[in-house]
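Encoded as structure tokens, the structure appears first; notes follow it.
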Amino acid sequence: MNPKDYIKQEFAQIFGEQPQRLFMSPGRVNLIGEHTDYNGGYVFPCALDFGTYGAARKRNDKLVNLVSGNFDLKCQINIGSIKYQAEHGWANYPKGVINEIQKLGNKLDSGFDLFIWGDMPGSAGLSSSASIELLTAVVVNGLFDLKISVKEMALLCQRAENKFIGVNCGIMDQYAAAFGKKDNALLLDCQNIKHEYVPLKLSDCVIMIANTNNKRSLATTKYNERRSECDAALALLKETVGAEYLCAIGTDEFEANKHLIKDPVILKRATHAVYENARTKEAVDVLGKGDIAAFGKMMNDSHVSLRDLYEVTGPELDALAESAWQTEGVLGSRMTGAGFGGCTVSIVKADAVDTFISKVGEEYKKRTGFEASFYKAGIGAGAREI
């Protein structure tokens, strides 16, 4: 059964009537440029052709019913009284978005019923949280004809995650889910919140995602700590550098001023951010020239930096990436997302996919004891009504 038919059927069984509207919001994978977004740098994500689906219907009262097809949890709230409640789990993401939409002055004249179901792995680093957030935004925007722009939806979803959930994420995940375009990646300038589309011309290669199946929650990891460490580095560099963001500092200027950072841990974090930003811009240039091999090497370099300088990979992600590097037909492989578990993204020759899955899967299980899951990534469009 296709996703549209499934969510319509489940909605009718749960709520006793057919939904009025159907919506979809994609997951995303970031090809290169990690932990640069909240440092005002460049990222290079693309939306996936799988993600989160929603079936919705307006109500005649002020209640909002949120039901998930992936988690055994139902949540009912009053549209005029929204607060964070830990026991609501995943439902806090749509609650936070509804809250931000209303804070903008939008009047919701009623509540609504929403059934949510996703076909991507949760807690895998493919940004299921941002996918749910953008899904909620397009649902509310559509049901109530609010005419909120795509960019504002991305921004309000980021605020919801920052302020309501408590994860100090950058704009990349929400932006990629909002602005995704089929068969294109986005080069996003996170300082000025501007993007350009870059066609993904991978010749005889495909994008493969490998899931560690090691669950992690951003709110309880060291994600916020890393952001604070970068802020501390910027504060020290500001003694001589006029930049407002860490990634606004070029590599030469950073080398001339890095002596201001005495703490070796803070220095490692800053070094990653500055050089990863430069690497991202160069990687997009070589990809545009059709040099897939050079792009793949930069992906490898990115993972090494995230492992050794930013220290967000861990044994599972390292096992996947390092075994991929040793597999014939793999041009590049790196962790994607915040880290601390989740997924790797690899560029693999199309005729080597089966070998990649077999060899990397076998080596990964030998090193970690976990079974990896593998997905061929199709590049899809942004959050929308379907």
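The values are calculated or read from the model by the stated rules, or taken from the named source; none is laboratory data. All values derive from a computational prediction rather than experimental measurement. Virtual Cβ from ideal backbone geometry, glycine too; neighbours counted across all protein chains shown.
Some notes on this structure:
- Restricting attention to segment 95-120, the residues that are in contact with a Gly (Cβ under 9 Å, 6 or more places away or on another chain) and not aliphatic (A, V, I, L, M) total 5.
- Test: residue in segment 214-225 that is modelled with pLDDT under 95, within 22 Å of residue 308 (Cα to Cα), of a type in the set (D, E, K, R) and buried (at least 18 other Cβ atoms within 10 Å of the Cβ): yes
- Test: residue 230 is surrounded by 22 or more Cβ atoms within 10 Å (Cβ to Cβ) and under 30 Å from residue 371 (Cβ atoms): no
- Among residues of segment 161-180, those that are under 15 Å from the mean Cα position of the chain (by Cα) and either assigned to a helix (DSSP H, G or I) or of a type in the set (D, E, K, R) (or both), counted: 10
- Entry remark, segment 35-49: residues being surrounded by fewer than 24 Cβ atoms within 10 Å (Cβ to Cβ) and out of contact with any Gly (no Cβ under 6 Å at 6 or more places or on another chain) number 1 in total.
- Some residue of segment 328-342 being at pLDDT 95 or above and assigned to a helix (DSSP H, G or I): no
- Segment 4-43 - residue that is β-branched (Val, Ile, Thr) and outside any loop (DSSP other than H, G, I, E, B) and, of those, nearest to the chain's Cα centre (by Cα): 29
- Within the span defined as segment 294-312, one or more residues are surrounded by 22 or more Cβ atoms within 10 Å (Cβ to Cβ), at negative phi, aliphatic (A, V, I, L, M) and not in a helix (DSSP H, G or I).
- Search result, residues across segment 15-34 that are crowded, with 16+ Cβ neighbours inside 10 Å and modelled with pLDDT of 95 or more: 15, 19, 21, 22, 23, 24, 25, 26, 31, 32, 33, 34
- Once segment 98-114 is narrowed to residues that are touching a Lys or Arg at 6+ places or on another chain (Cβ under 9 Å) and of a type in the set (A, V, I, L, M, F, W, C), the residue that is surrounded by the fewest Cβ atoms within 10 Å (Cβ to Cβ) is 108.
- Some residue of segment 41-52 being of a type in the set (D, E, K, R) and more than 17 Å from residue 24 (Cα to Cα): no
- Any hit, segment 287-301, residues being within 18 Å of the chain's Cα centre (by Cα) and of a type in the set (A, V, I, L, M, F, W, C): yes
- Among (1) touching a helix residue (DSSP H, G or I) at 6+ places or on another chain (Cβ under 6 Å); (2) closer than 19 Å to residue 184 by Cα - the single one residue 310 does not satisfy: (2)
- Here segment 67-95 is the region considered, the condition is being surrounded by 12 or more Cβ atoms within 10 Å (Cβ to Cβ), among the polar types (S, T, N, Q) and farther than 18 Å from residue 19 by Cβ, and the residue that is farthest from the chain's Cα centre (by Cα) is 85.
- When segment 138-151 is filtered for residues that are out of contact with any helix residue (DSSP H, G or I) (no Cβ under 9 Å at 6 or more places or on another chain) and part of a helix (DSSP H, G or I), the ones remaining, listed by number, are 142, 143.
- Reported count of residues in segment 139-160, each being within 18 Å of residue 26 (Cβ to Cβ), over 15 Å from the mean Cα position of the chain (by Cα) and not hydrophobic (A, V, I, L, M, F, W, C), is 3.
- Near pairs, Cβ below 8 angstrom, 6+ apart or cross-chain, from segment 148-162 (farther than 16 Å from residue 188 by Cβ) to any residue that is among the aromatic types (Phe, Trp, Tyr) and surrounded by 22 or more Cβ atoms within 10 Å (Cβ to Cβ): 160/93; 161/93
- Residue selected from segment 280-293 under the condition buried (at least 16 other Cβ atoms within 10 Å of the Cβ) and aliphatic (A, V, I, L, M), by the criterion nearest to residue 188 (Cα to Cα): 284
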